[in-house]
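Shown next, in structure tokens, is the structure this report addresses.
The values are calculated or read from the model by the stated rules, or taken from the named source; none is laboratory data. Computed from a predicted structure; not experimentally measured. Here the Cβ is made from the backbone with ideal geometry for all residues, glycine too, and neighbour counts use every protein chain on show. Calculation scope for accessible area: heavy atoms of the full protein, side chains included, ligands and nucleic acids excluded. Shrake-Rupley method; radii C 1.70, N 1.55, O 1.52, S 1.80 Å.
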Amino acid sequence: MRRRAADYRRPVRRRLWCWIWSVLVLFCLGGLVLFVIQHNHNADRTVRFSSEERTATFEEVNHRVFNLTDEIASSTSFSRQLAEQMTLAKAYIIIAKDHNNLHLAWELSSKFRKSQLLLSAAALRGEPLTLEEAGPVIKSMSALIYKAQDLHYDISTTITTMQSHIQALEERANAAIAQNVVFGQLTAESIPRDIHCSIIKLASDWIQNPTLRNVADELRNSPRLVDNNLYHFCVFSDNLLGTSVVVNSTVSNADHPKQLVFHVVTDGVNFGPMQAWFLSNDFKGATIEVQNTEDLSWLNATYLEASRDMKGSSFLNRLRFYIPDVYPQLEKVVLLDDDVVVQKDLTSLFSIELHGNVNGVVETCLEAFHRYHKYLNFSNPIISSKLDPQACGWAFGMNVFDLIAWRKANVTARYHYWLKQNEDRTLWKLGILPPGLLAFYGLTEPLDRRWHVQGLGFDPNIDSRLIESAAVIHFNGNMKPWIKLCIERYKPLWERYINMTHPHFQECASS
């Protein structure tokens, strides 16, 4: 078949195919461009992340490298050399001052301060010391140390001097501890101003009111004071407020308060206020006798001589070792300290069998520091040959005393024996508990722990359930409830038994 001439062929179909191919080419080019752009974007992100990781890693390495503690520990660092020189310089400064070489001491102190500044600067900027920085100081410090050694400040002299300084510091520390104990006792024994004001007013009442004195004279001859069918409690104290809380809390929780008899012994200064207070207040029919130490006829020079070494213990505290002499007709008593609060009826204490022992007491073996070896010097053969260092300790505060067994065992004579042995104060230092542990050794009967819970004057973390179950809680320690430095958590347990409605208290509180 004959082909048409070129001019007569159909050009439209060829142009259509050209358009199709053009579109396909453009599409492929567009995809290629998008792929390149996405690839470049991912590459940028990868490069950026890699750069950040490298920077973080570099910083972490730098942190590890420039740690000043590691630098000082390194045997090749300048910081280590400076630190060692500073240790020597500190010793030589002391020695130079002792030998009155003040110029050398001043030079060493100056270089010591420069070394401190260099180490501080290195720690702040996070970079190790360089030779240019540390070299001059190390060189000059070495020259001064050599100079000190050339002056015969050798290691032997250094050791001797440092030992003497350590001994002096130990003596100062021991003196500070002893002073702290004395100050703590003074603080614990202090009374608030308004209470002191009330005591003065009560003393005035005792002097000006003859009726009170007549009632006291009648009570002195009461047969109840020596009736062993009643329950007798004794308190030795010059603290009116504390004694009042002891008496009030005991009668408030007693099933039969009229069967209770309290024997209070105080000094001549507080005798009048004590009498006026207990005679002018109602304690639910309980009998309260107040005695003056000046009226105890058996107190003589022999007693005072026997107790002359009881430094740190008050005269009234020492009377507890003479209870059978104070109450010659009684058979059993309960001793209560003036910093306790009674929360249960205590009359069942008198029916507890003591099995021939003298002292019914709550032992404190649960507390690690209440063993005999903590109170007494067992390096002394007098102690170590007679006592067990692991024997359970106990504390005064709530004690049941069988006075018949006391007289039979002659506990007071044992007390005098141990006082005699401790004339040089090598068996124990201070306090009434160590001689008490010795005098009653082998004569104590352990009671249930709930009879006497201690520590409210120094331990803020006593279990509340233990406090609630306790018959007697004891504010032993320096943080007494009547001072501002008490433990606030326990103070309401004591305050509830204070009679603040008394006119004198109200007048003094408002003045």
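Potential lengthening of the chain between K147 and H165 amounts to 4.2 nm, from the contour at 0.36 nm per residue minus the alpha-carbon distance. Can you work out the FRET efficiency for the pair S510 and H355, with r the C-beta to C-beta distance and R0 = 51 Å, to the nearest 0.05? That gives a FRET efficiency of 0.40. From the P(r) of segment 343-445, could you give the percentage of C-alpha pairs in the tail past 17 Å? Counting every Cα pair in segment 343-445, those more than 17 Å apart make up 54 percent. Amide H contacts of I288: F262, each under 5 Å away and 5 or more positions distant or on a separate chain (H built 1.01 Å from N in the peptide plane; Pro and chain starts excluded).
Projecting the Cα atoms of H452, F396, A413 onto the charge dipole of segment 376-461, computed from C-beta unit charges around the Cα centre, puts A413 farthest toward the positive end. Between K408 and L299, the FRET efficiency estimated from the beta carbon spacing at R0 = 30 angstrom works out to 0.80.
Solvent-accessible area of segment 305-433 (1.4 angstrom probe, protein heavy atoms only): carbon and sulfur portion equals 51 percent.
Remark: the V215-S120 segment gains 26.3 nm on full extension, using 0.36 nm per residue and subtracting the alpha carbon distance. Accessible surface calculations at 1.4 Å, restricted to protein heavy atoms, place segment 335-469 at 44 Å² per residue. Taking the Cβ of I473 as the center, what net charge do the other residues with Cβ under 11 Å away carry, scoring Lys and Arg +1 and Asp and Glu -1? After counting each charged neighbour, the total is 0.
For segment 404-500, the dipole from Cβ point charges (+1 on Lys and Arg, -1 on Asp and Glu) about the Cα centre works out to 200 debye, to the nearest 20. Checked against a 27 Å cut-off, the cross-linked pairs K344/K491; K258/K344; K386/K420; K344/K408; K284/K332; K344/K374 give Cα-Cα distances beyond that limit for K344/K408; K344/K374. Counting only protein heavy atoms and a probe of 1.4 Å, the accessible surface of segment 437-511 is 53% carbon and sulfur. Summing charges over neighbours of A254, with a neighbour being any other residue whose Cβ is under 13 Å away from its Cβ, gives +1 when K and R count +1 and D and E count -1.
Its alpha carbons give segment 200-296 an Rg and a Dmax of 12.7, 37 Å.
Straight-line cross-link partners of K90 among the lysines, defined as a Cα under 25 Å from its Cα and at least 8 positions apart when in the same chain: K111, K114, K139, K147.
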